[in-house]
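My questions will all concern the structure given below.
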Amino acid sequence: ALYATASAQVGIGSTWFDQNVAQGAGGAVGLTDPLGRPYYAITKCNFTNNIAASATAGGGAVLARNVPLALSTSSFTGNIAQAGGGGAILWTGSLPPTVDNSSVFAQNRALYGPDVASAFCSIRIVNIAAYANTTQYSGPL
């Protein structure tokens, strides 16, 4: 549905992403910048039944590759990473994302990290609800 790269600042608000399929990572939204320059914000969005169909990548709803992302007051339900991690969100790179302000994660699926997975960065998660998520190799988030 949406792919942004290389120094484009992106703010996504009050949007519904439903039943999108990416043949790679990030079923509904892919955000990437090799230099990590722009700032990305996702607020008051719903991500439902999106699929990352890649045989090697994840991020059923969102892929954030080396971008500073702030996510708040959004819901992620029924998203699937068919391979890899992050049924809802996959972060890679060195820039830490923030997830807070009453975001909800429910019924997302992935091999690891049914809701959130990251590689090479820490994640700050505050005030979220997570329930009924499925993973093969790791815990509830």
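The values are calculated or read from the model by the stated rules, or taken from the named source; none is laboratory data. Note that this is a predicted model, so its numbers are computed, not measured. Neighbour counts run over all protein chains shown; Cβ positions are idealised from the backbone, glycine included. Please note that ligands, DNA and RNA were not included when accessible areas were found on the heavy atoms of the full protein model with its side chains. Shrake-Rupley method; radii C 1.70, N 1.55, O 1.52, S 1.80 Å.
For every residue, the table says whether it meets (1) touching a helix residue (DSSP H, G or I) at 6+ places or on another chain (Cβ under 9 Å); (2) modelled with pLDDT of 90 or more; (3) open to solvent by 40 Å² or more (accessible area, probe 1.4 Å).
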residue: A4; (1), (2), (3): no, no, no
residue: D18; (1), (2), (3): no, yes, yes
residue: F47; (1), (2), (3): no, yes, no
residue: A53; (1), (2), (3): no, yes, no
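Shifting gears a bit: Quick check on D33: is it surrounded by 13 or more Cβ atoms within 10 Å (Cβ to Cβ), among the acidic types (D, E) and at pLDDT 95 or above? So that I can check it myself, show each step before the final result.
Numbers: surrounded by 13 or more Cβ atoms within 10 Å (Cβ to Cβ): yes; among the acidic types (D, E): yes; at pLDDT 95 or above: no.
Answer is no for this residue.
Say whether the condition of being closer than 21 Å to A1 by Cβ, assigned to a strand (DSSP E or B), out of contact with any Phe, Trp or Tyr (no Cβ under 6 Å at 6 or more places or on another chain) and at pLDDT 85 or above is met by at least one residue in region 102-125.
Taking region 102-125 first, the residues closer than 21 Å to A1 by Cβ are 103-110, 115-117.
If we keep only those that are assigned to a strand (DSSP E or B) as well, we get 104-106, 109-110, 116-117.
Adding the requirement that they be out of contact with any Phe, Trp or Tyr (no Cβ under 6 Å at 6 or more places or on another chain) leaves 104, 109-110, 116-117.
Among the residues that remain, those that are also at pLDDT 85 or above are: 109-110.
Yes - at least one qualifying residue is present in region 102-125.
Quick test for you: out of A64, A70, A55, pick the one residue that is assigned to a loop (DSSP other than H, G, I, E, B) and either touching a Lys or Arg at 6+ places or on another chain (Cβ under 7 Å) or closer than 24 Å to Q107 by Cα (or both).
On the way: A64 fails: assigned to a loop (DSSP other than H, G, I, E, B); A70 fails: assigned to a loop (DSSP other than H, G, I, E, B).
The unique qualifying residue is A55.
List the residue pairs whose Cβ atoms are under 8 Å apart, where the first residue sits in region 75-91 and is free of Cβ contacts under 8 Å to residues at least 60 places away in the same chain and among the polar types (S, T, N, Q), the second is open to solvent by 10 Å² or more (accessible area, probe 1.4 Å) and outside any strand (DSSP E or B), and the two are 6 or more positions apart or on different chains.
T77/N49; T77/Q107; N79/N49; Q82/A53; Q82/S54; Q82/A55
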